[in-house]
Amino acid sequence: MIIDDEIRDALGENRFDLPDGHPAHRRMRELLMTEGEIAEFESFDQETNQVRWDHNRLEELGLVTSRPPRGLISKYGSRPAWYLFGHEDQEEGEENEGHHSALEQYQLRFDVDILLANRAPLAAALATDGTEALAWYIPFHDTDSEWGIYIRDIGPRIIANRCFPDLLRTDPGEALGLAFDFLFAHEFFHHISEIACTTLENSNPSNPLYRPYFDRLVSGDADEALEEALANSFALDFIPGKQYKDGLRGLMDDCPPGYRDYGEYQSELRFERGLDWLASMFTGKPFSRSNRYTFGHGLFSHPNSVFKRMEVPVHDTTDISPCAPALPMCIFKNITVLVDVLDRVKHKKTPHDVRKQFKKSMRRLREWGEIERNRRWNKTARKSWFFWDVTSSWRMSLVEETHGDWVVNFIGNHTEYDRFRERKKLN
Ligand SMILES: [Zn+2]
C-alpha cells in the first residue's frame, strides 16, 4: 500500500478533521436512524441534529466491517470476487424468528421506487449527494485513523435493481459485482485525485492545498463539483457493455449537478482536459475552462507498477434499520393444502426433516394468523403469490385466492421450485 502511516504523518499540519459539509456526516445520521426515527424524519430539525462521522461508534455497533486494502480492478474483467453475498449461508436456525434477519434484510430484488418511498432519508440522500449516498471516501488527509472507501450495503443493491434488473434476475452475483465495481471505481477516483493534489502540495508543504480544495469540493456548490463528474465518468468506463452503461447513465442523469455532468468528460480528450481543469482548482483557482494546469495529466497518471500499489482500505457499512421495502401484511384466515402437495409431503422419498418442518410451518402460519416480515416468507413477482422456506432446500408456494384465504399449491426442492417458478412466471 502506497499510503501508509509514514506518509500520513509526513502530511503534518496539512491533515484536517472532516469538513462539516462532508457527506459522511449525513450518512452517519442515516445509518443510525431506527425505523421509528425515520418515520419522524420530516419533523427533524436537521441543523440541530448534527451528527458527526464516527467510524469507531459504527464499529462498536457492528455497522462497519473493514476489509484489507484493495487496488482498482483492471478494466473489463479479472475482477476478484469481492462482493459475494455472504448472507446466503445464514444458519438455518430458529433463534432468528421474529427478528429482522439478515436474509430478509438483504433481499436482492426490490422496487427501488417503493424502497425510496418508504425511506425518506435515503431518497433525500440520493437527491443531495448522488453517488456519495451509497458510497463515500474518507481522505488520508483526515486526522482520524480510518481512511478509505466506505460502501453502504444497500448501495450495490440499489444500483443493480435500478441499472441492471435483467442481469440481477439471471446472474445476481455478477449484477451486484458490477454495481460494486462502479461505486468502488467512483470512490477510487477521489483517491487518485487526493494523491494528485498531494503531489502538488508536497512541492511546497507550507502551503496546504488539499484542505482548502476539499472544503470547496464538499461545500455543495455546483461550481465545485467537477471532481464528481470526472469520478462518475471514470467509473462508467470500468463497466463493460453498452446496456449496463446505459443503465448507469439513467441513474446518474437523476443525480445532482456535477454527478450528472459525467457525459462532458466521456471522450479521452475531454477527460484529460477535465483533469487539467481539476488540477488548476487544486491550486485555488475557480473552475473555468480557461484555467488549465499544464501538467495535469502527469499528476493523475502513474506507471502500472505504482498504480498496482495504490490500494485503499474498504469498509462495508450497514444501516442499523433494515433497508428493505415494506412487505404487505399477509393475513391467514384459512389455509388449504392441495392434495398433490399433501401426497408429496407424505411420499416415502420425501426427507423426514421436510415432513416435520412442513407440519411445523403449517401450524405456525395458522397460529400466527398474519405475517409482515419473516425470513422464510418471500414475495414473488406475481401478485398474491408467495413462497415459504420449509427447510434450507425445500420450498412451498402459497397463493392468496380471496382475502385471507390461502392455498398451498406446491412443495419441492430447489431445482423443482426453480422449474415451478419458471412455469408460473413468478420471476
Ligand atoms: Zn464522489
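Just so it is clear, none of the values below were taken in a lab; they were calculated from the coordinates. Not measured: the values here are computed from a predicted model. Note: ideal-geometry Cβ built from the backbone for every residue, glycine included; neighbour counts use all protein chains shown.
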The range 50-65 residues near the modelled Thr34 label - backbone nitrogen below 20 Å, point 7 Å along Cα→Cβ:
50-52, 57-64
Calculated Rg and Dmax of the chain using C-alpha coordinates, Å:
24.8, 82
Inter-label distance, nm, simple model (7 Å from Cα along the C-beta direction), Arg67/Asp215
3.5 nm
Suppose a student asked you for the relative contact order of the chain, using Cα pairs under 8 Å spaced at least 6 residues apart; what percent would you report?
20 percent
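How high is the relative contact order of the range 345-411, in percent, with contacts defined as C-alpha pairs under 8 Å that are six or more residues apart?
Result for the range 345-411 is 21 percent.
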Here D for the range 146-276, in µm²/s, from Stokes-Einstein with a Kirkwood Rh over Cα pairs at 20 °C and 1.002 mPa s, works out to 136 µm²/s
Theoretical FRET efficiency, 1/(1+(r/R0)^6), r = Cβ-Cβ of Lys383 and Glu13, R0 60 Å, to 0.05:
0.45
Once Lys359 and Arg419 are pulled to full extension, the length gained, defined as 0.36 nm per residue separation minus their Cα-Cα distance, is 19.2 nm
How far apart, in nanometres, would the label points at Asp20 and Phe307 be if each is projected 7 angstrom from Cα along the Cα-to-Cβ direction?
4.0 nm
Exposure proxy ranking, count of Cβ atoms within 10 Å, fewest first, for Ser397, Ser384
Ser384, Ser397
Please report the equivalent ellipsoid semi-axes of the range 330-423, computed as sqrt(5 x eigenvalue) of the Cα gyration tensor, largest first, in whole Å.
19, 15, 12
Based on Cβ point charges of +1 for Lys and Arg and -1 for Asp and Glu, what charge dipole magnitude is obtained for the range 222-268 about its Cα centre, in debye rounded to the nearest 20?
340 debye
Could you quote the convex hull projected area for the range 183-232, Cα atoms only and averaged over all directions, in nm²?
3.5 nm²
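How long is the gain from Arg292 to Arg366 if the chain were fully straight, where each residue apart is worth 0.36 nm and the alpha carbon distance is subtracted?
Extending this stretch completely gives an extra 19.5 nm.
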Taking R0 as 22 Å and r as the Cβ-Cβ distance between Leu269 and Asp166, the FRET efficiency 1/(1 + (r/R0)^6), rounded to the nearest 0.05, comes to 0.10
